[in-house]
């Protein structure tokens, strides 16, 4: 018989540094995640985004509960995942820093569709979503998001974060 161990019964021996170093070689698309609503307009840069299911279409976004934008996203209840193109690393840095929200949004063209969350007009892909569920793990919440609209460019390369640097798919080959 196969014994099943719970997470509580497995000793943790992985240091924070070892984990971060290992994650740095996991290439990921760079996204600017945005919201707007009763709690205000906010956005942040994220690589912790992935698909969950195609029925119903859903994705997840990981958000640190200590982030200044956390309450804004939870209160608004919707968001847009804007996948950046390979030439948008400056926008990624802007949304990943301590710049004011007004300055972040002033540097690009935005529109809205179904949820009212800001869609970056020149993003590679926009996933307009309602936040359906939140699961707390460690320092973060996993936001399970129902996709209500997708807008995709016909061509372009995704901005990728790999080994603590920006690159595109061609550079990984």
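Annotations
- Contour excess over end-to-end distance, with Cα ends at residue 53 and residue 150 and 0.36 nm allotted per residue: 33.5 nm
- Mean separation of Cα pairs under 8 Å and 6 or more residues apart, divided by the residue count, gives the chain a relative contact order of 26 percent.
- Three-way shape call for the range 94-164 based on the alpha-carbon gyration tensor, with the a/c threshold at 1.5: rounded
- Gyration tensor verdict on the range 123-173 (Cα atoms; rounded if a/c is under 1.5, prolate if a/b is larger than b/c, oblate otherwise): oblate
- For semi-axes √(5λ) of the Cα gyration tensor in Å, the value computed from the atomic coordinates appears in the list [x] 53, 15, 12; [y] 27, 21, 17; [z] 33, 15, 11 under label [y].
- Packing around the peptides 96-103, 23-30, taken as the average count of other Cβ atoms within 10 Å per residue, puts them in this order, highest first: 23-30, 96-103.
- With Cα atoms defining each centre, the range 120-144 and the range 148-173 are spaced 18 Å apart in the structure.
- Ranked packing of 107-116, 41-50, most packed first, by mean Cβ within 10 Å: 41-50, 107-116
- With the helix formula -39500 (n - 2.57) applied to DSSP H stretches of n ≥ 4, the chain reaches a computed 222 nm mean residue ellipticity of -4500 deg cm²/dmol.
- For the range 78-119, the residues whose amide N sits under 15 Å from a probe point set 7 Å from the Cα of residue 39 along the beta carbon direction are 78-80, 117-118.
- Comparing 38, 118, 57 in a Gaussian network model of the chain where C-alpha atoms under 10 Å apart are linked, the largest mean-square fluctuation is found at 38.
- Note on the chain: with a GNM built from Cα contacts shorter than 10 Å, the maximum mean-square fluctuation among 82, 64, 31 falls on 64.
FYI, it's all coordinate maths here, none of it is from the lab. Bear in mind the structure is a predicted one, so any value in this text is a computation, not a measurement. All Cβ positions, glycine included, derive from the backbone under ideal geometry; neighbour counts span all protein chains shown.
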